[in-house]
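Here is the structure we will look at, set down as structure tokens.
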Amino acid sequence: MQYPFSEEQLAIAELTRNFMEREVAPVAAEIDARPDPEECYPGELINKASKLGLRTLAIPEEYGGMGADTLTKTLALWTGAQVEIGTIKCLSQCWKATTALTKAATKAQKDHWLTKFAADDNAVCSLASTEPDHSTENRLHGGDPRLGMRTSAVKDGDYFVINGAKRYTSLMGHSKLILFYARTDPDAPMTEGVTCFVLGGDEEGITYGRTHNKMGYRLYPNRESFYDNVRVHKDNVLGEVNGAAAVRRHVFRGSAELAACNTGLSRALYKICHDHAKERIQGGVPIIEHPTVRHMLAEMIMNIEVAEQFMWRICWGADNDDSFTSRFTRSGKVFSDKVGLKTIELALDVLGGMGIMRDGPSEKIVRDILTFLHGDGTDSATLLEASQTLDQPA
Ligand SMILES: Cc1cc2nc3c(=O)[nH]c(=O)nc-3n(C[C@H](O)[C@H](O)[C@H](O)COP(=O)(O)OP(=O)(O)OC[C@H]3O[C@@H](n4cnc5c(N)ncnc54)[C@H](O)[C@@H]3O)c2cc1C
């Protein structure tokens, strides 16, 4: 941990590491192996983390949280990801949604939603955008009114009436605070015709479908949801009507979330390789003494450390620089995805056959890294978005 972190940030990282190692590590493999993906949600662990203040890390102190900045949240996520990604990502999803709410909400909305959320040790958050037929196009075709999400919210007096469906939504069905995106102007492009609502998840007309049976991140489940004439009061509009794009910027501006997930996981995989290389004897010596193996380990840690240093730079920009370019955020995500993939490639060489054994220490991490490469958008779509800023100064 070379970046200059404050004493307080290091204390939160330590709290996170202790919780993850003491409570999560002993049970994670068993939960991950449950065949029913819905049974993999680590509700009891979230409850315990909440009692330590980790669930509400990003909520301002006046609402009962720790008011953590981007660097602190990223450090805590990166620390936790080295132990078990699903549980820490459940907590990070709470940090992401409550940060956006804190920035975009009115005082009355904050009083209601943040107070309620902070008081409930079992509450988690979702951000619902992706639909069965509209996902990447939600972000790539903002200028064409015919493209993008179709879940609608139609004004009816003081209410909006929501109809449609979402899928792949993380923590859906468990969430009690949902940032929900719906089309309020079907004739306007995505950038001008979508509104963000805050839902509690228990509104009449919401039904939950199947939980997706994912390869990795199994302790962080995703679920389908359906909306049949769900009435939501206009007070639940976050930001402006048709102004979801501004709320989304609060969510993603300066986010280093995926970079923290990928570098944390990659570091955990590197450690397994390093330990293995010191113990495994071939050619009469521990394999770490073979130049090929040392070279592979050096390449792994080089990639990881470069990605991490760039991640801390993103955090600094998000916390200290209002003109911070979103290209850094996108580059950080894509680069860390590539580092994750390269780490897998090298790890499966260093570990040999052991690397793919179902009961080996690396198998879950390999599945986890592969699972979220398209988190927050595929790499190709993310780079396409980044290319829109090529003419801006860094
Ligand atoms: C673990 C996990 C967690 C998730 N969590 C959430 C969540 O909490 N909330 C939520 O809303 N969503 C969530 N998602 C959905 C995720 O954001 C989408 O899966 C992702 O955006 C990609 O969409 P898709 O899978 O439908 O792929 P597609 O949109 O079908 O894309 C397939 C390929 O086509 C390319 N492509 C598609 N359209 C274009 C285009 N117009 N131009 C150029 N290339 C294009 C893509 O880049 C990609 O290479 C989650 C997904 C997973 C797996």
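For segment 126-242, the normalised intensity computed at q = 0.13, 0.15 Å⁻¹ comes to -0.47, -0.62 (log10 of I(q)/I(0), Debye sum over alpha carbons, equal scatterers, no solvent). Dipole magnitude for the chain: computed about the Cα centre from +1 point charges on Lys and Arg Cβ and -1 point charges on Asp and Glu Cβ, it is near 260 debye.
Working note: Cα gyration tensor of the chain, eigenvalues times five, square-rooted, sorted largest first, giving semi-axes of 36, 22, 21 Å. Rounded to the nearest Hz, the phi-derived 3J(HN,Hα) couplings of segment 213-227 under the Karplus curve 6.51 cos²θ - 1.76 cosθ + 1.60 (θ = phi - 60°) are 8, 7, 6, x, 6, 6, 7, 9, x, 10, 9, 7, 8, 10, 10, where x marks glycine and proline. Remark on L238: its backbone amide H falls under 5 Å from those of C196, F197, V198, a criterion applied only to residues 5 or more positions apart or on other chains, H modelled at 1.01 Å from N. The charge dipole of segment 126-242, taken about its Cα centre with unit charges on the Cβ of Lys, Arg, Asp and Glu (plus for the first two, minus for the last two), comes to roughly 600 debye. The Stokes-Einstein estimate for segment 276-333, based on a Kirkwood radius over Cα pairs and taken at 37 °C with 0.692 mPa s viscosity, is a diffusion coefficient of 238 µm²/s. Residues whose amide H lies under 5 Å from that of E131, counting only those 5 or more places away or on a different chain, are R167; hydrogens are built 1.01 Å from N in the peptide plane. Principal axis extents of the C-alpha atoms in segment 4-108 (largest first, rounded to whole Å): 43, 34, 19.
With 26 Å as the limit on Cα-Cα distance, the pairs of K110/K155; K51/K116; K96/K155 that go past it are K96/K155. Residues whose amide H falls under 5 Å from that of H212, counting only those 5 or more places apart or on a different chain, are N222, R223, E224, with hydrogens built in the peptide plane.
Summary value for the chain: 16 percent relative contact order, contacts being C-alpha pairs under 8 angstrom separated by 6+ residues.
Secondary-structure-derived ellipticity at 222 nm for the chain, considering helices only, amounts to -15000 deg cm²/dmol, per-run term -39500 (n - 2.57) for DSSP H runs with n ≥ 4. Taking the Kirkwood radius as Rh and the Cα radius of gyration as Rg, segment 253-387 has a ratio of Rg/Rh equal to 1.05. Exposure proxy shown here: for M66, M311, M302, the number of other Cβ atoms within 10 Å sets the order, fewest to most, as M302, M66, M311.
Just so you know, all these numbers are worked out from the coordinates, no wet-lab data involved. These figures come from a predicted structure and were not determined experimentally. Heads up, the Cβs are rebuilt from the backbone with ideal geometry, glycines too, and the neighbour counts pull from every protein chain shown.
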